[in-house]
1. Rank these for me by crowding, A:Trp240, B:Trp32, going from fewest to most other beta carbons within 10 Å.
2. Suppose every Lys and Arg Cβ carries +1 and every Asp and Glu Cβ carries -1, with no other charges. What dipole size does the protein assembly as shown come out with about its Cα centre, to the nearest 20 debye?
3. Say a paramagnetic label sat at a point 7 Å from the Cα of A:Thr259, along Cα to Cβ; which residues of the stretch A:20-51 have their backbone N under 20 Å from it?
4. Among A:Val81, A:Val232, what is the fewest-to-most ranking by other Cβ atoms within 10 Å?
5. If you average the C-alpha positions of the stretch A:104-155 and of the stretch B:84-119 separately, how far apart do those two centres end up, in angstrom?
6. Mind computing the radius of gyration and Dmax over the alpha-carbon atoms of the protein assembly as shown? Å is fine for both.
7. For a test of the definition: using alpha carbon positions, the gyration tensor, and the 1.5 limit on a/c, classify the stretch A:43-88 as rounded, prolate or oblate.
8. Apply the Karplus curve 6.51 cos²θ - 1.76 cosθ + 1.60, θ = phi - 60°, to the phi angles in the stretch A:25-34 and return the couplings in whole Hz, x for Gly and Pro.
Amino acid sequence: MAFSFNLITDLLEIFQYQFMQHAIEAGTVVAIVAGIVGYFVVLRRSSFAAHALSHIGFAGAAGAVLFAVSPVYGLLLFTGVGGSAMAVLSPRAANRDVHIGTVLAFMLGLGVLFISLYAGNLTQTYSILFGQILGISSSDVLLTLAAGIVILATVGVVYRPLLFSSLDEDVAEAKGIPTFLLGIVFMLLVAVATSIAVQVVGVLLIFSLMVTPAAIAQQLAKRPQTAIIVSVAIALLATWLGLFLAYYEPYPVGFFITTIVFSLYLLVRFVYRRIRPLRVFRATSEIT
Amino acid sequence: MHRRLHMMRETIVPEIVAARNLTAGYADNTVWREASFTIDRGEFVAIIGPNGAGKTTLFRLLIGLQQPLSGNVEIFNAQPRRGNPRIGYVPQRHGIDSETNIESLELVRLAFSGKHWGFSFSGRDRKVALGAMKAVGSGELAHRSLNTLSGGELQRIFLAEALVSNPELLLLDEPLSNLDLKREKDLVQLVNSLVRSRNVAALLIAHNINPLLPFLDKVIFIANGKVATGKPDEVLTSESLTALYGVPVEVLHDSRGNVAIIGTEEFHGDE
């Protein structure tokens, strides 16, 4: 299994293995979903909520392991309930972090209890924390795909009202847009996206797919549609490249994904902002 | 011909807003009571008064975000309701997040089409939005990011956002705060020209009435739980305010026509 510098033969070799096939399939769905939902997370300044939801999901997953159910069901249940609770308890941005943190601490306490009650070995818990993408079954892939389709369809329906209420909540509310309901829908989107993304990067590294690609994209593009496409592209690039590297090197996928995304972030934040290579292009396009 | 059309509409709908004995507040806290006034088409109205007196509360009643405690208010001869496209609303805002790298045209577009589900595939909202931005003299800002605009430029974008639905009533909550004197004057003149050229009514909440005085048709003065309305030179006199509040209120004039109102804030007890 050596790297051959011939990309085609390398990829053909990788695709021979079913675990790699599953990893790429699930990783692709997760990257697309995380890139899209992540854009709204960044726009709504809800990255702490996304972070908290993934950790709440950890408690759910630990509970599922305790009751011998697939962790993803525990994740979906806990993040769904936790996300709705956050949206209902603090519909407005003010003081939101305090409410979220309070719910988060309680849920993590439950997680600690579940782990201590569970007498078996803790590999499953470890994989929830850091991802288990190389151990994804074909039924996991199907579930991921189904969840991904539900998320994409929902975003497709709520796209414009959600974008408007994320950008200008007061005017959206005055215009009769159901901002409160959209807040709940948004949290449920984050909940489902988080639950499936945990398989790839785990609870602790969720930011690398849910927040950082979108944050980079927001620096690069100033039209929402373009920014979402860039965000998805970055998440896909990091996931694919991460899997490719992890196939050849004995280090975890999560490490590669976070490193790729972080490098891009540094590049955009400190290099791109200084030089702005597209400035000339922008100046000419502004005349139209 | 346009003029005749407006006149016809005027005879059918003489008033845009009619409040009768309107009392506003929350169950345990009345903010102001017994306000009666009308706003007519094409009027430029300033709402002034100390902080916490209930100026924004009046807007919330007109938009339908809050219900009156008692009395009655009608807009276009109907009860206020959320999502009325005949109202353009600019809420009080404390600037834009410095990370919001979004083209201003996108915001104005969303104000036009944001309440529809799904994506937009026609360019109509784009065209309407650009038209609204040109109407406030900010066509050249269309492709600039919101986080790169100055306070005065942002207020124009927000005004364009309110204008996209082609409203007949503009509600502007403190658009002049955080503007320097030059930008303040520019924005007041812009609102005035919109009022005159489109025959819309504009209600503008302000801290300082002086930059507005030369243009106003009416003033609504809210303080100490009471509301005084009328032409500026009728309302803003020592006699009328003293009679309304039952305590000595003095309206001072300087040589350039500026006024200062003394005596309402001292005993009001707000911040």
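1. A:Trp240, B:Trp32
2. On the way: 43 positive and 42 negative charges, 269 e Å.
Roughly 1300 debye for the protein assembly as shown.
3. A:24
4. Numbers: A:Val81 15, A:Val232 21.
So the residues, fewest neighbours to most, are A:Val81, A:Val232.
5. The stretch A:104-155 and the stretch B:84-119 have Cα centres separated by 37 Å.
6. Over the protein assembly as shown's Cα set, Rg and Dmax evaluate to 28.3, 94 Å.
7. prolate
8. Couplings: 5, 5, x, 5, 4, 4, 5, 5, 5, 5 Hz.
Only the coordinates and a few stated rules stand behind these numbers; no lab work does. It should be emphasised that the depicted structure is a prediction, and the values quoted were computed from it without experimental measurement. Glycine gets a Cβ as well: all are built from the backbone with ideal geometry, and neighbour counts include every protein chain shown.
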